[in-house]
Amino acid sequence: MTLTTAEKYLLITERIGKKPMLRTRFTSQSYFVLAVFLDLVADNVIQIQDDKVVFDNNRQLPDYLTIFVKELTDCLAKDDQLASALTPITSWDIANQTYDGIGSQLRAAKQVQRVIFQNNLKPHVIYEPTDSARTAAKSWLIDKLNASVLDTAALNLFEILVQMDALKWVITDEQERTRLLEKVSQQPGLKQIKAISETAAEVITQKRFWLDSWLS
């Protein structure tokens, strides 16, 4: 199984700088796991109807989704509403296991480089995208959005970037960005993606406030 939204999100988002985006930044990590969630919805592994979520336990998934599957299954056993099903996207363990799995695959495809980053005396393995892979991922998104029939993974990624207020850093031309926002808003497939993403944004915000309160 290829988790296209999550792969492209990593290639576009991950940067080293002062702090790696997907190892130390809570919001970026959470949206990365949301990308995985949306990929599984696109592949009908996760199905949503009337705000109720069903997970297909019979589908063969990558080993690096074991923690995700366990936490999602546990959440759905207690409450099958969408907000409950999205609770795992804020999990540090899920984000890191998924990052290592997808990062390793991208490294095998020579799209990222394995870098050791030292943070608070603790080394972290970071999968830093090559310049060519990052550029290709941005071009992929724009090309897919300009197609006559829009790719679901591209819609997923586009909506995540909108929720993160990060679209302007990927599509830098304001007129093009405005045009694509208008085009995407008219796509029938966007309704569910938007509903999931907006609920996810609420889940992420609630968890961030809880973390801020706990750390203060």
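The values are calculated or read from the model by the stated rules, or taken from the named source; none is laboratory data. Small disclaimer: the values here were computed from a predicted structure and weren't measured. All Cβ positions, even for glycine, are placed from backbone atoms using ideal geometry, and neighbour counts span all protein chains on display. Each accessible area value is taken on the protein alone, full model and side chains, heavy atoms only, with ligands, DNA and RNA left out. Shrake-Rupley method; radii C 1.70, N 1.55, O 1.52, S 1.80 Å.
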Is the C-alpha gyration tensor of region 69-173 telling us rounded, prolate or oblate? Criteria: a/c under 1.5 is rounded; beyond that, a/b larger than b/c is prolate, otherwise oblate. oblate
Need the list of lysines near LYS194 for cross-linking: C-alpha distance under 17 angstrom, and skip anything on the same chain fewer than eight residues off. LYS52, LYS183
Please list the non-local residues whose amide H lies under 5 Å from the amide H of VAL112, H modeled 1.01 Å from N, same-chain partners needing a gap of 5 or more. ARG107, THR130
Mind checking which of ALA147, ALA133, ALA200 has the largest fluctuation in a GNM of the chain, springs on alpha carbons under 10 Å? ALA147
Please compute the modelled spin-label separation between ASP100 and ASN57, points set 7 Å along Cα→Cβ, answer in nm with one decimal. 2.6
Accessible-area value, SER139, 1.4 Å probe, nucleic acids and ligands omitted, Å²: 50
PHE32 accessible area, nearest 10 Å², 1.4 Å probe? 0
Please report the accessible area of GLU176 (heavy atoms, 1.4 Å probe, ligands and nucleic acids excluded) in Å², nearest 10. 50
Value at 222 nm in deg cm²/dmol, rounded to 500, when DSSP H runs of n ≥ 4 in the chain each add -39,500 (n - 2.57): -19500 deg cm²/dmol
Applying the gyration tensor rule to the Cα atoms of region 112-216 (axes a ≥ b ≥ c; rounded if a/c under 1.5, else prolate if a/b exceeds b/c, else oblate), the class is oblate
Leaving ligands and nucleic acids out of the surface, order SER148, SER132 by accessible area at 1.4 Å, largest first. SER148, SER132
